[in-house]
Amino acid sequence: MPHLTTLDGGSTAVSEGAVEALRDALVGNLLTPESAGYEDTRSIWNAMIDRRPGLIVDCRAEGDVSNAVKFAAEHGVLLSICGAGHNIAGNAVCDGGLMISFKKMKDVVVDPSSRTVRVQPGVTLGDLDAATQAHALAVPTGINSTTGIAGLTLGGGFGWLSRKYGMTVDNLLSARVVLADGSIVVASESEHPDLFWGLRGGGGNFGVVTSFEFQAHPVGPEILSGLIVHPFADARQVLRGYRDFLKGAPDEVTVWSVMRKAPPLPFLPEEVHGTEVVVLAAMYAGEMSDGEIALAPLRAMGTPIADVIGPHPYVGWQQAFDPLLTPGERNYWKTHDFAEMSDGLIDEVLGYVATLPSPQCEVFFGQVGGAQSRVPDAATAYQGRSAAFVLNVHGRWSDPSQDDACIGWCRDLWEAVGQYATGEAYVNFMTEEEGARLESAYGSGYERLVELKNEYDPSNLFRMNQNIRPTV
């Protein structure tokens, strides 16, 4: 008789008959720790997360999700939901409970006439881009092709197209959702609009999304993009110039600044490899000739080591940072939102970049604003629309013996720059232990999220997330 972890952290015995009944009800597979495929299915991107579910429902159909949710609710079993398994917090995997895996549900259906896309929750950004770019379309998403669309969307979603076309949640048209009682509803502006509001930034707190419908936009297949790499000795001047350039930039321009040790890229001189650099990663979401004019002042700034801005396939640009974000490494992040990049903030960050604890660690400022800032805060659960920059302190390393040094460096940097932050934060960049920060992260939307939780999941079945706790 298997014993599974309960919602309160205890243990419960579940009969073999109940487990076999679940197995028989599935189109997909029910995996135990002894099953072939169990190890691969439970593994996720962040190697710091090494949990072993008691059961895994390897879903192939929406009904599998409903049956898994009913089983978890009936037996009071801890439940986790895994899309592509990229989220930093690692909540996709639970210890001893029931894990729903979407790794086999990867269908993407594009309607070029309406420019809409239907996407299953196991789809990665790379899968989505490949399907939409066949029609010269794109959905605004993130910047790493191995990221899962499900977790990205439910937390907000921003990247190279967000200043032009809004966030991922701003382009979500509808979602099919399995609720805590196993029933299935459609959430949109016209059906269950309160739930639709909560799904757009509120994470997995209210149900399990089995299908997303997005609005896509004309993009590519080639766009103007690339990197400008500056020596770290010029970092202060470069970041101030970067900040000033962005003040007049049109929505089509997005430039992120990345500070790290230079990887061995073929266009960098060998003597630069492994030294600290400042990288400006730029994209123009429009006509290339207009982009050349718009980016010219940025490219004229300082004396860069390399400038490789030019025409690139959009799908290639979306994969440009994949080699720096491969699975199997240890990762720990900290994040803040900023309304501006002040001189004090720049100086604090550069002081920590000078002491990177691992060659893979980095700090980046993601430029936001534009179209995403013109959506009212009250329109979606995602908050932080007034931010101009999102900071990600990205600790990344291989050796577990470096855990304390790398985590400590991330936390120290985060605390040092907190005085300049807005208080809100991007929940997709938050680690597992930051639950106490949620009320601040969600700002004025937090109380409404609690009300939704009370209505849709009063028992807190969906708690393996950045958890909005019910109060009933």
Exercise for the section: Assuming a ≥ b ≥ c are the square roots of the Cα gyration tensor eigenvalues, decide whether the chain counts as rounded (a/c under 1.5), prolate (otherwise, with a/b larger than b/c) or oblate. Expected result: prolate
Problem - Computed [θ] at 222 nm, deg cm²/dmol, the chain (DSSP H ≥ 4; -39,500 (n - 2.57); rounded to nearest 500) - result: -7500 deg cm²/dmol
Exercise for the section: Can you spot the aspartates and glutamates whose alpha carbon is less than 18 Å from Lys247's alpha carbon? Ignore those fewer than 8 places along the same chain. Expected result: Asp290, Glu292, Asp337, Glu340, Asp343
Fill in the blank from the handout: Sorted largest first, the Cα spans of segment 84-134 on the principal axes come out in Å as 46, 19, 14
Exercise for the section: Using only Cα atoms, tell me the angle between helix 16-25 and the longest principal axis of the chain; keep it within 0 to 90° and round to the nearest 10. Expected result: 60 degrees
Completion exercise
Lys and Arg at +1, Asp and Glu at -1: neighbours of Arg330 with Cβ under 13 Å from its Cβ sum to -4
Problem - Centroid-to-centroid separation of segment 5-57 and segment 254-297 [C-alpha atoms, Å] - result: 44 Å
Problem - Residues of type lysines that Lys261 reaches as a straight line, Cα spacing below 23 Å, ignoring anything fewer than 8 places off in the same chain - result: Lys334
Exercise for the section: Would you grab the residues whose amide H sits under 5 Å from the one on Ser211? Only those 5+ places off in sequence or on another chain, please, with H modelled 1.01 Å from N. Expected result: Arg176
Handout entry: Cα-based reach from Lys70 at 19 Å (exclusive), listing lysines while leaving out same-chain residues under 8 positions away
Key = Lys453
Practice task
Using the number of other C-beta atoms within 10 angstrom as an exposure proxy, rank Glu329, Glu362 with the fewest first.
Solution key: Glu329, Glu362
Completion exercise
Diffing segment 64-77: the Karplus 3J(HN,Hα) column from phi (6.51, -1.76, 1.60, θ = phi - 60°), in whole Hz with x for Gly and Pro, holds 4, 5, 4, 5, 5, 5, 4, 4, 4, 5, 5, 9, x, 8
Practice task
Please give the helix 288-299 orientation as an angle from the longest Cα principal axis of the chain, in degrees from 0 to 90, rounded to the nearest 10.
Solution key: 70 degrees
Completion exercise
The ratio Rg/Rh over the Cα atoms of segment 353-472, Rh being the Kirkwood inverse mean 1/r radius, stands at 1.02
Completion exercise
By Cβ neighbour count within 10 Å, fewest first, Thr116, Thr326, Thr12, Thr254 rank Thr326, Thr12, Thr116, Thr254
Problem - Calculated from backbone phi, Karplus (6.51, -1.76, 1.60) coupling profile of segment 260-265 in Hz, x at Gly/Pro - result: 6, 7, 5, x, x, 6
Fill in the blank from the handout: Quick note on Tyr456, Tyr420, Tyr442, ordering by fewest other C-beta atoms within 10 Å, gives Tyr420, Tyr456, Tyr442
Exercise for the section: Run through all the Cα pairs of segment 222-429 and give the fraction in each 5 Å bin from 0, expressed as whole percent. Expected result: 1, 7, 15, 18, 20, 18, 13, 5, 2, 0, 0
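None of the figures in this text is laboratory data; all of them are computed from the coordinates on show. The structure presented is a predicted model; accordingly, all values stated were derived computationally and were not measured. For neighbour counting, all protein chains shown are included, and Cβ atoms are generated from backbone atoms with ideal geometry for every residue, glycine included.
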